[in-house]
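> Quick one: the structure is below, and I'll ask about it shortly.
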Amino acid sequence: MLVGAMAVSMMPAVAMADDEVTLTYCTWNENQRDSIQATIDGFEAENPNIKVELQITPWGEYWTKLEAAATSGNMPDIVTMHTNQIERYVNGGVMASMDDLADYDDTFSYDNYKEGITNLYVYDGVHYGVPKDKDCVVLVYNKKIFDNAGVAYPTSEWTWDDLKDAAEKLTDKDNGIYGFNAYNNDQEAWGNFLYANGADFLNEDGTASGLDTPEAIEAMQFFMDLNANYSPSKEMQAEVDAVSMFATGTVAMQPIGNWQLSYFTDNENIKDDFALAMLPSTPDGKRATVSNGLALSIPADCQNMDAAKKFVAYASSKKGMEEAAGGPAIPCYNGVDEVWAEAHKDLYDTQVILDSLQYGKQLRGSEKKNDWGEIMYSYVGKIFDGSMSVEDAFTQASEEMNKVLAQ
């Protein structure tokens with residue numbers, strides 16, 4: 001729970017009337033600035049008395065500032081919310097219910113979005129966030145490195161065995177080329193391998209860890225074999241983030257979230273050399289990609305509640321999401337993903353992303369994720385630094401996670 005959050009007074013909504021209102025909209029997505037602004041421009045054209053000021057803060061600082069703002073009762077009017085964080089703010093009593101948006105837009109309905117994404121922001125039957133976008137993870141590869149090594153490009157038929165074979169052929173450590181970047185990220189990297197193998201961070205009903213299962217251990221061991229043999233060293237990975245690593249032409253292929261692709265399309269060094277494929281399946285044909293979705297939320301003490309809800313209803317509408325379809329994020333209004341795909345088809349193979357979404361598995365969360373997640377990440381870190389084996393780390397992590405989940 002947020003420290004001091006419950007002490008924040010819940011101020012009544014301020015009537016809009018015809019007075020001019022300025023809303024603050026806070027996010028961390030610099031690469032979505034233009035697409036978000038396009039929606040803001042459309043909204044302001046229809047609502048000339050409401051202005052929306054977009055504020056972008058880098059991810060690492062965003063949550064620190066947001067928590068401080070929540071504790072002091074000075075949150076932005078519109079907040080971009082992530083599944084890893086929403087529970088803290090709901091339990092802290094600082095988020096407004098979003099169940100009345102049809103009062104601001106009679107076309108609004110949560111049926112306009114996939115149920116799995118909507119439910120990520122529902123607690124005790126109350127909606128605390130409106131779906132903004134959806135995402136998945138794909139395999140990005142460097143065509144030039146493949147061509148130079150004489151290796152055929154990845155296809156939708158690839159399995160883990162094909163991935164390993166190609167990574168071995170592509171790795172040329174003497175010349176600083178690595179076949180596969182097996183980096184430490186649950187959503188973009190190793191989590192996809194667990195999900196594909198039928199594993200999960202938690203068991204089906206969320207009452208215990210799922211890391212100590214044979215399926216989870218097998219998948220993580222395969223991923224760490226790639227890490228040990230065909231990936232940049234842990235020292236290199238500590239110094240250079242995964243996006244930059246690929247953009248410099250150091251690695252031949254790696255998993256990547258679709259929301260990161262604009263960093264490649266905007267980079268002169270890599271924009272003509274990268275391509276996409278679906279993540280390989282397990283040897284017996286099982287496939288998954290981690291899928292998640294962001295939401296727009298409003299603080300319960302928002303002094304411009306009516307205006308803020310009117311904006312969120314607009315931004316979440318078909319029109320608002322079509323206006324944002326030129327950006328890297330995939331709008332989650334049903335059907336608008338096709339508009340997004342058409343807008344990006346000249347940049348990369350958007351059909352790969354649409355096909356991958358069919359195998360999407362929601363990034364696992366729960367009301368105790370901050371607690372069990374911290375344990376999981378700590379032990380995964382021990383795997384990556386070589387201080388623990390996969391089996392030992394997942395076994396001990398599960399023992400500690402289960403204590404938290406049992407409380």
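> Being assigned to a loop (DSSP other than H, G, I, E, B) and within 28 Å of ASN47 (Cβ to Cβ) is the filter here; which residues of segment 115-128 pass it?
Across segment 115-128, the qualifying residue is only TYR128.
> Going through segment 238-282 one residue at a time, which ones are of a type in the set (Ser, Thr, Tyr) and either modelled with pLDDT under 95 or open to solvent by 20 Å² or more (accessible area, probe 1.4 Å) (or both)?
Once the filter is applied, which keeps residues that are of a type in the set (Ser, Thr, Tyr) and either modelled with pLDDT under 95 or open to solvent by 20 Å² or more (accessible area, probe 1.4 Å) (or both), segment 238-282 yields SER244, THR248, THR250, SER262, TYR263, THR265.
Listed here are the residues, each with its yes/no results for (1) open to solvent by 10 Å² or more (accessible area, probe 1.4 Å); (2) under 30 Å from THR159 (Cβ atoms); (3) at pLDDT 95 or above.
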position	(1), (2), (3)
GLY293	no, yes, no
SER297	no, no, yes
ALA300	yes, no, yes
ASN304	yes, no, yes
PHE311	no, no, yes
ALA315	yes, no, yes
GLU322	yes, no, yes
PRO331	no, no, yes
VAL336	no, no, yes
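> Output the residues belonging to segment 154-170 that are under 19 Å from ILE256 (Cβ atoms) and touching a strand residue (DSSP E or B) at 6+ places or on another chain (Cβ under 9 Å).
Once the filter is applied, which keeps residues that are under 19 Å from ILE256 (Cβ atoms) and touching a strand residue (DSSP E or B) at 6+ places or on another chain (Cβ under 9 Å), segment 154-170 yields PRO154, THR155, SER156, TRP158, TRP160, LEU163, ALA166, ALA167, LEU170.
> Next question, about the same structure. Please name all residue pairs, on different chains or six or more residues apart, with Cβ atoms under 7 Å, provided the first residue is in segment 339-350 and is farther than 21 Å from GLY320 by Cβ and the second residue is open to solvent by less than 60 Å² (accessible area, probe 1.4 Å) and part of a loop (DSSP other than H, G, I, E, B).
Cβ pairs passing all conditions: TYR348/LEU261.
> Still on this structure: Go through GLY327, GLY285 for me and flag whichever is buried (at least 16 other Cβ atoms within 10 Å of the Cβ) and outside any helix (DSSP H, G or I).
GLY327 is the lone residue from the list that is buried (at least 16 other Cβ atoms within 10 Å of the Cβ) and outside any helix (DSSP H, G or I).
> On to the next question. Residue check: is GLN221 open to solvent by 10 Å² or more (accessible area, probe 1.4 Å) and under 20 Å from SER366 (Cα atoms)?
no
> Please go through segment 58-71 and give me each residue that is of a type outside the set (Phe, Trp, Tyr) and surrounded by 11 or more Cβ atoms within 10 Å (Cβ to Cβ), ordered by number.
LYS65, LEU66, GLU67, ALA68, ALA69, ALA70, THR71
> While we're looking at this one, here's another question. Determine, yes or no, whether GLY386 is touching a residue at least 60 places away in the same chain (Cβ under 8 Å) and assigned to a loop (DSSP other than H, G, I, E, B).
Here the answer is yes, as GLY386 does meet what is asked.
> Separate question: Sort out which residues of segment 85-108 are polar (S, T, N, Q) and either open to solvent by 40 Å² or more (accessible area, probe 1.4 Å) or not in a loop (DSSP other than H, G, I, E, B) (or both), and write them in order of number.
Residues satisfying the conditions are ASN91, SER97, THR107.
> What number of residues within segment 224-237 are small (Gly, Ala, Ser) and open to solvent by 10 Å² or more (accessible area, probe 1.4 Å)?
2
> Could you go through segment 339-347 and let me know if any residue there is on the phi < 0 side of the Ramachandran plot and surrounded by 24 or more Cβ atoms within 10 Å (Cβ to Cβ).
Yes.
> Let me ask another. Under the condition of being of a type in the set (Phe, Trp, Tyr) and touching a Lys or Arg at 6+ places or on another chain (Cβ under 9 Å), which residue from segment 181-210 is farthest from ASN227 (Cα to Cα)?
Residue satisfying both the conditions and the ranking: PHE201.
> For segment 38-63, how many residues are closer than 12 Å to ILE78 by Cβ and not charged (D, E, K, R)?
So the answer is 7.
> Can you tell me how many residues in segment 27-70 are touching a Lys or Arg at 6+ places or on another chain (Cβ under 8 Å) and part of a strand (DSSP E or B)?
Number of matching residues: 3.
The values are calculated or read from the model by the stated rules, or taken from the named source; none is laboratory data. No experiment lies behind these values; they were computed from the predicted model shown. A quick note on method: Cβ atoms are made from the backbone with ideal geometry, for glycine too, and the neighbour counts reach across all protein chains shown. We work out accessible area using only protein heavy atoms, side chains counted, and drop any ligands, DNA or RNA first. Shrake-Rupley method; radii C 1.70, N 1.55, O 1.52, S 1.80 Å.
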